[in-house]
Structures are given as structure tokens and as C-alpha cells.
Amino acid sequence: MANHKSAIKRIRQSEKNRLHNRYFAKTMRNAIKKLKDTEDKKTAGEMLSSVLALVDKNAKRSIIHKNKAGNIKSKLTKYVNAMA
């Protein structure tokens, strides 16, 4: 267990931040799953912009790496464009 006040505060802060980051990451993953479950190309195209915005925000907040965000955005865009 931590002995210093600053270390105890840091533990509290990191736990709060961990839960905060987990919420945003899970929200993004759910949005991606929902997009991939969509059958209609028009609906998927409309959803794509909001999902890409979520991915960008998570990259900006350092919840995911910027290269991972780029990979996700690329794959999702290719997926939507390939829909019949």
C-alpha cells in the first residue's frame, strides 16, 4: 500500500481515469459492432461519420493509439464502401 499522500491520490486518480477511459473505449466498440451489423448501405453510410468521430475522439484522448484509429477508420470505410 502507498505511504505518501501523493501516491494515494495518484491511485485514486488513475482508478477514476481507468473507468473513464474504459467507458469511452466500450462505447466506441459498441458503435463499431452496431455499424458492422447494419445490412443497409445507406444507413451504414450515415452511421459511419459518427463512428469515425468517436474513433478520432478516442485517439485524441489517448485511449487508443493514433495508428490504431487510422486502421479502424480505414477498415470501416472499406467495409461500408464494399457493401452491395
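The values are calculated or read from the model by the stated rules, or taken from the named source; none is laboratory data. In this text the structure is predicted, and so the values were computed from the model without any measurement. Every residue, glycine as well, gets a Cβ built from its backbone with ideal geometry; the counts of neighbours run over all protein chains shown.
With the checklist (1) at pLDDT 95 or above; (2) among the acidic types (Asp, Glu); (3) under 28 Å from Thr77 (Cβ atoms) in hand, flag the one item Asp40 doesn't pass.
It fails just one condition, (1).
Pick from Asn67, Asn21: which is surrounded by 15 or more Cβ atoms within 10 Å (Cβ to Cβ), modelled with pLDDT of 95 or more and in a helix (DSSP H, G or I)?
Matching residue, one of Asn67, Asn21: Asn21.
Is one or more of the residues making up segment 24-47 over 10 Å from the mean Cα position of the chain (by Cα), among the small types (Gly, Ala, Ser) and assigned to a helix (DSSP H, G or I)?
yes
What are the residue pairs meeting all of these: first residue in segment 60-75, first residue over 19 Å from Leu48 (Cβ atoms), second residue in a loop (DSSP other than H, G, I, E, B) and acidic (Asp, Glu), Cβ atoms under 6 Å, and 6 or more apart or on different chains?
none
List every residue pair whose Cβ atoms lie under 7 Å apart, where the two residues are 6 or more positions apart in sequence or sit on different chains, the first residue falls within segment 1-16 and is among the aliphatic types (A, V, I, L, M), and the second residue, located anywhere, is surrounded by 10 or more Cβ atoms within 10 Å (Cβ to Cβ) and in a helix (DSSP H, G or I).
Close Cβ pairs satisfying both conditions: Ala2/Ile8; Ala2/Ile11.
Counting just the residues of segment 22-57 that are of a type in the set (A, V, I, L, M) and in contact (Cβ under 8 Å) with a residue 40 or more places away in the chain, which one comes out farthest from Met83 (Cα to Cα)?
The selected residue is Ile32.
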